[in-house]
Amino acid sequence: MRRTSFSVILLCILKCGFVLAICTVSKHEGGSAHRLQCFNVTLQTILEQTTNVSSLLVFDSNFRYITERAFIKYAKHLLFLNIYNCHVYDIHADAFDSLASLRKLSLPSNNITEVKEAWFKDLVYLEQLDLSFNRIEKIAPAIFSRIPLLKRFDIRENRITCLDPSAFPGGIDKIYFHGNPLALSCRGELTLWMRDHGVNYKTERSKKEEWLDKLLWLCAMDDASVVKSEDSMKECVILNLFNQLRTGLSTAQSYPLPVDCPVESNFLMACLDTGATNGKVIKNLLLYIHKTMSYR
């Protein structure tokens, strides 16, 4: 569909030289609402634009803090709000006040550390929430009761250690979480819940981690009590990997393993350093296998 557009260019003079602050307004021919895109601007600059805006994209700016009722001017028509790479680290509890028409809220590539319930009190029709590439460590589970129509949730590349699937709305169909240091017990419960509820979480990266999910499910099915302990889950995963590796090497003609290689968890776990990284765990397993072979 054809678009008509015009640009408003603001020139800001700094001591170091000239920096352009640009807002571009466009709309579909025959439509009434506008699409507003702003680069290198302040919140005040945004509020100086046309009021009839259904889509607002702000990128590569320096907000740091989103103030109270920051977008109230656009509340009547705003459907899509995207604040990308604007150094946002905190948001006022009433920043999104009255944005009842909003369908998609995107705050990617900022410095947010905590997601608060108060932000969503008026976002009752929100369907998509993108919080990817932040520094989020904590998400208030109650936010999902505020946004019951949520269908897509993107929390990739943050610092989340656990997500409780029981808090998610019933109609959610996409959750992207890779790049978070999820506890193994939590990841196992989360991915199994998503599989059973038909929720898509697959990306190119997550497809490479399917082996881990299958191991976690296997550990949980073999012993339900394992899920309650993170150490038990780690031990179960390592034992399964070790047994797979040992089986593979023992069936190779050039690398037969001795039949008395220990399989009990206490022997195996004793050969691993406390707090070892994944790389050190693999290294120690290989060294252990090499050592047992040398005593044949």
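The values are calculated or read from the model by the stated rules, or taken from the named source; none is laboratory data. Predicted, not measured: the structure shown is a model, and the values here were computed from it. All Cβ positions, even for glycine, are placed from backbone atoms using ideal geometry, and neighbour counts span all protein chains on display. Heavy atoms of the whole protein, side chains included, go into the accessibility calculation; ligands, DNA and RNA do not. Shrake-Rupley method; radii C 1.70, N 1.55, O 1.52, S 1.80 Å.
Quick notes on this structure:
- Count of the stretch 48-69 residues which are of a type outside the set (Gly, Ala, Ser) and either touching a Gly at 6+ places or on another chain (Cβ under 7 Å) or not in a loop (DSSP other than H, G, I, E, B) (or both): 7
- In this structure, residue 56 does satisfy being within 15 Å of residue 34 (Cα to Cα), within 24 Å of the chain's Cα centre (by Cα) and among the aliphatic types (A, V, I, L, M).
- Cβ pairs under 6 Å, 6+ apart, first in the stretch 86-98 and among the polar types (S, T, N, Q), second open to solvent by less than 30 Å² (accessible area, probe 1.4 Å): 98/75
A quick yes/no check of all residues on (1) more than 30 Å from residue 224 (Cβ to Cβ); (2) open to solvent by 10 Å² or more (accessible area, probe 1.4 Å); (3) out of contact with any Pro (no Cβ under 9 Å at 6 or more places or on another chain):
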site	(1), (2), (3)
107	yes, no, yes
118	yes, yes, yes
141	no, yes, yes
183	no, yes, yes
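- When residues of the stretch 120-139 are limited to those that are touching a helix residue (DSSP H, G or I) at 6+ places or on another chain (Cβ under 8 Å) and open to solvent by 30 Å² or more (accessible area, probe 1.4 Å), the one nearest to residue 172 (Cα to Cα): 124
- Figure legend. Inter-residue proximity from the stretch 181-194: first residues over 24 Å from residue 133 (Cβ atoms) and among the hydrophobic types (A, V, I, L, M, F, W, C), second residues in a helix (DSSP H, G or I) and open to solvent by less than 30 Å² (accessible area, probe 1.4 Å), beta-carbon distance below 6 Å, spacing 6+ or different chains. Indicated pairs: 193/165.
- In summary, residue 190 fulfils each of the numbered conditions (1) open to solvent by 70 Å² or more (accessible area, probe 1.4 Å); (2) under 22 Å from the mean Cα position of the chain (by Cα) with the single exception of condition (1).
- Failed condition for residue 38, given (1) part of a strand (DSSP E or B); (2) closer than 22 Å to residue 105 by Cβ; (3) touching a Cys at 6+ places or on another chain (Cβ under 8 Å); (4) modelled with pLDDT under 90: (4)
- For the stretch 120-131, the criterion of a residue being under 27 Å from residue 22 (Cβ atoms) and assigned to a loop (DSSP other than H, G, I, E, B) is satisfied by at least one position.
- Of note, residue 208 does not satisfy the criterion of being among the charged types (D, E, K, R) and either open to solvent by less than 80 Å² (accessible area, probe 1.4 Å) or closer than 26 Å to residue 114 by Cβ (or both).
- Considering 52, 111, 40, the condition of being open to solvent by 30 Å² or more (accessible area, probe 1.4 Å) and closer than 19 Å to residue 21 by Cβ is satisfied by 40 alone.
- The residues of the stretch 152-181 that are buried (at least 17 other Cβ atoms within 10 Å of the Cβ), in contact with an Asp or Glu (Cβ under 8 Å, 6 or more places away or on another chain) and in a loop (DSSP other than H, G, I, E, B), listed by number, are 158, 160, 178, 179, 180.
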